[in-house]
1. May I ask you to give the solvent-accessible area per residue for the stretch 281-354, in square angstrom, as obtained with a 1.4 angstrom probe?
2. Expected output is a single nm value to one decimal: the length gained when fully extending between Glu113 and Arg398, i.e. 0.36 nm times separation in residues minus the C-alpha distance. What is it?
3. Kindly provide the pair-distance distribution of the stretch 100-159 built from C-alpha pairs, with 10 Å bins from 0 and whole-percent values in order of increasing distance.
4. Probe radius 1.4 Å, ligands and nucleic acids left out: which of Thr225, Thr99, Thr126 has the largest accessible area, and how do the rest follow?
5. Between Thr373 and Ala128, what length in nm is gained on full extension when 0.36 nm per residue of separation is reduced by their alpha carbon distance?
6. Structure shown: which of Lys65/Lys163; Lys163/Lys355; Lys163/Lys319; Lys163/Lys351; Lys273/Lys351; Lys261/Lys351 lie over 29 Å apart, alpha-carbon to alpha-carbon?
7. Once the Cα gyration tensor of the chain is diagonalised, what are the square roots of 5 times its eigenvalues, in whole Å and ordered largest first, as equivalent ellipsoid semi-axes?
8. In units of 2.2 N^0.38 Å, what is the alpha-carbon radius of gyration of the stretch 249-394?
Amino acid sequence: MTQRSVFHKKLQNTANSTVTKFDSLLRLIRAAQPIGRTEIAARLGIDKSTVTEYVRPLLKSGVLKEEPADEADGGRKSREISFADDGSYFIGVNLGVRTTQIGITDFAGEIEEFEDFATPGEPRETMARVRELIEEIFEARSAANCLMIGVCVPGMADVERRKLVYAPNLRWRDVDIAGALGFEKGIEVVVENDSTAAAMFEARIRARHPRAGELSDFVLVRSGTGIGVGIVIGGEIYRGTGIGRGLAGEFGHMTIVAGGKTCVCGNRGCWEKYASAASASTLYLGDRPLRPNESLPRFADIVVRAENGEIRAQRSLEKIGDYLGIGIANVVMGVGIPHVIVSGRLVYGWKFIEKPLREAVNRSIVGSMDGWTIEAGSPVGAAIGGALEVAVDEYLRRGNFLAAP
């Protein structure tokens, strides 16, 4: 049995809390690298000797590396730990309603976008195109160096995180994504809801901060074609329990306007019909029909018009902000987490959205409470960044490299 296998077995036999600490240690190193042992111990609340025990076999096996820091500390050169660059990589697939993106990353977290294409209406055609592009990556980089593939989807994933259960805006049901991308090379595929994936990305970004412990509980509201919510508690994603596992965060289909516009889910007055990036076009046009040869303006077009001073465009974005704030207040009251990050395409119009959003929250009972925060997140994290984060996080969580020969 190899040293890494022995270490893996030892971890499996320890208390669950210890395993969680080890999992947290790997995530912390990846987020804050390079980072010294003293800081790791302080941020995780464990002894420095425990940090040494955890990292020693990974340093010896070459998974991690430890090098002198750039600056001396009190005359003595400190050393910092980071993941080694051994040519390994991860593939992420952001399966969007409009566009599908494929990207690549490594343990350092650098994102390289490979290609994107308009998402076909049929899942079989989409999966065939995704597989074709991934095969091109394998030819260029060697499939043997790919550690895992993460796919984020605009809907619910199953408990095993292999299938898309239902994506309302695509009208897809029961799509075996992992099976469709079942590469003979043995590379595993993990599937995740896109809002949850975006929350995972933001959690890693926040983990870089020395005050990460104070920032570990938050709600991420992802707005694009639809609206989804990711819930992070103690730095960990919450997905629900029992038969509700995977349903946590489906706030986009809560009713905020009784008898309102018909949603693709079959309900009326859903939040995403009024506060998503896709809703901007109907808010912009109002009740008037499209003129001959006229198409619905895209969200990016409306933002540009608003930036250029067009009042109609500005008012449309302000309406989105108002509706978004109404829904966010409901979410905060429902889950009891007062810190919110807004992610997705809406971030590009944040200049016009933020003020009415905050005013709407202030009108609610949340506004009478102290300590609530709302901030703009990363548009990249709501797309390919989230898919890549799913792949890396799952690889670290499984500890595959510990049992490797």
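1. Accessible area per residue: 50 Å².
2. Extending this stretch completely gives an extra 100.1 nm.
3. 18, 51, 29, 3
4. Result, largest first: Thr99, Thr225, Thr126.
5. Gain in length upon complete extension: 84.0 nm.
6. Lys65/Lys163; Lys163/Lys355; Lys163/Lys319; Lys163/Lys351
7. 39, 26, 19
8. 1.10
The values are calculated or read from the model by the stated rules, or taken from the named source; none is laboratory data. Predicted, not measured: the structure shown is a model, and the values here were computed from it. Counting neighbours? That spans all protein chains shown, and the Cβs are built from the backbone with ideal geometry, glycine included. Ligands, DNA and RNA are stripped out before the accessible areas are found, and what is left, the full protein with its side chains, is counted by its heavy atoms. Shrake-Rupley method; radii C 1.70, N 1.55, O 1.52, S 1.80 Å.
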